[in-house]
Amino acid sequence: MRIFVIADTHFGHLSLINKYQSRPFNYEEKIMKNWKQTVTDDDLVIHLGDVVVGKSIDWASTIPNLPGRKILVLGNHDKKNESWYMSHGFDFCCQQFTINIYGVQILFSHEPATAGDYDLNIHGHLNLGRLRVLKVDERHFLLALEATNYQMRLLESIVKDWKKSKLQ
């Protein structure tokens with residue numbers, strides 16, 4: 001089982017194309033194509049919030065049909081309750097969670113955390129096109145789809161990159 005992380009897919013948020021962030025017209029197709037080409041049903045995907053914004057997406061034909069087991073960390077645009085998301089394609093849903101893996105205590109959250117017992121906080125929310133923020137401090141790793149060509153990242157590679165950046 002591989003573990004992937006993705007954030008801020010913003011499916012249905014058509015204002016991101018022109019008004020707010022200059023995402024490409026086909027950003028939703030890119031995300032779904034990359035997801036289907038990368039993830040198998042045996043993999044785990046941790047989504048760091050803001051799955052859907054707006055009502056233009058058909059849940060029944062998108063999220064449940066994407067491969068992998070899926071955890072959702074709720075974002076500021078995720079307005080439904082946890083049980084709703086778990087009955088619409090996610091295996092688990094929460095506000096944030098911490099695990100110790102690859103020798104690192106990792107906090108997964110939507111927004112950067114300002115306090116807590118963790119070595120690394122992997123988060124989204126600070127989308128590059130809008131805020132141009134790359135890093136809060138050395139304990140934070142921003143996962144922005146605009147910086148990954150709309151692809152999710154393998155958790156192990158995020159941790160390796162983070163450890164390498166600490167040595168520099």
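Test of understanding: ordering Tyr102, Tyr118 by Cβ neighbours within 10 Å, fewest first, what list do you get? Walk me through the numbers before you get to the answer.
Numbers: Tyr102 15, Tyr118 20.
The order, fewest Cβ neighbours first, is Tyr102, Tyr118.
Long-range amide H contacts for Phe97: which residues qualify at under 5 Å (H placed 1.01 Å from N, peptide plane, sequence gap of 5 or more or a different chain)?
Phe108
Please rank Phe11, Phe108, Phe25, fewest neighbouring Cβ atoms within 10 Å first, as an exposure proxy.
On the way: Phe11 20, Phe108 26, Phe25 10.
By the 10 Å Cβ count, ascending, the order reads Phe25, Phe11, Phe108.
Rule-based calculations on the coordinates, nothing more; no lab input. These numbers come from a predicted model, not from an experiment. Here the Cβ is made from the backbone with ideal geometry for all residues, glycine too, and neighbour counts use every protein chain on show.
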